[in-house]
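Before any comments, here is the structure.
Read-outs throughout are calculated quantities, based only on the coordinates presented, and are distinct from any laboratory measurement. Just so it is clear, the structure is predicted and the values come from calculations on it, not from any experiment. Every residue, glycine among them, receives a Cβ derived from its backbone with ideal geometry; neighbour counts consider all protein chains shown.
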Amino acid sequence: MIRAVTFDFWQTLADDSPDNLAAQRRLRLEALHSALVAAGLPVDAAAVEAGYECSQVLLESRFWNQHRDPGFPEQVALVLDCVAPGAAARVTGSRLDALLRGYADPVLRCPPHLCPGAAEAVRGLAARGIALGIVSNTGRTPGWALRRYLESHDLLRYFRAVSFSDEVGARKPEAEIFRRALAKLGPEAGRAPADTAHVGDNPDADVEGARGVGMRAVHYTAGHRAAAARADLILADLATLPERLAGL
């Protein structure tokens, strides 16, 4: 019997358009440029953009490809030093606070859309007494901003366990990020992880990651994604999740 359910965030609860992602990127670049100029560093917009792209390579090679994640301030410091070596030591205090907000807020200023059926699935499961959690990698946007996004849709209150990679330090499919959520879910998760289902779009991060800790894996395949062979349940419509889970 499934007693608890965890969700991925990106491409499962929320999704973004290419235009929206580009707008968010521009806002981050503007925030970085303003912080560096305010700290007395004479960099132009082109240098900020080049440093931002360089930071992507470093984040992937040093962290993300190894299923690790830096904390949000550490990520921003890495970006600053990619733009201008030593810049992180000069952007401090109120300037750093403003930059952290400006780097994270684009997801709130240009918000992604909820995936179809996501709100219905969350509320439907909660109404049945299922304990809910989130297990998600975060990328450029920190967990605290994603919480605010969920709160704006009146969904955050349904999640007892929230396990974001920038806060845990581990990325899916690493077991630790799943284990943190299971520990927070409490008795409703059951005596074994098999009493908890994880819902996500990625065959490796979500399906294999969940199975690696003994959880049931629900592969969300909207958008004509190929179904993961090892998923316990294939789901194209999130709104049907409460009923479909009864068969697990």
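Summary of values
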quantity	calculated
Theoretical FRET efficiency, 1/(1+(r/R0)^6), r = Cβ-Cβ of Ala38 and Ala89, R0 22 Å, to 0.05	0.90
Interchain or long-range residues, amide H under 5 Å from Ile134's placed H	Phe7, Ala161, Val162, Ser163
For Arg68, residues with placed amide H under 5 Å, excluding near neighbours	Arg171
Tensor-based shape of the stretch 53-108 (alpha-carbon gyration tensor, a/c under 1.5 rounded, otherwise prolate or oblate)	oblate
Summed residue charge, Cβ within 12 Å of Pro116's Cβ, Lys/Arg positive, Asp/Glu negative	-3
Orphan Cys of the chain, criterion: no other Cys C-beta under 4.7 Å	Cys110, Cys115
For Ala14, distant residues with modelled amide H under 5 Å away	Cys115
Label point 7 Å beyond Cα of Glu176 along Cβ direction - residues of the stretch 58-83 with amide nitrogen under 15 Å	63-72
Ala47/Ala194 FRET efficiency (R0 35 Å; Cβ-Cβ; nearest 0.05)	0.10
Additional length obtainable on full extension of the chain from Glu208 to Met1, 0.36 nm per residue less Cα span	72.5 nm
Net length gained if the chain between Glu74 and Ile234 were fully extended (0.36 nm per residue, minus Cα distance)	53.9 nm
Listed peptides 196-208, 51-63 by packing density, highest first (mean Cβ within 10 Å)	196-208, 51-63
Computed E for Cys54/His113 - FRET, C-beta separation, R0 41 angstrom, nearest 0.05	0.85
DSSP-defined antiparallel bridges as percent of all bridges, the chain, nearest 5	15 percent
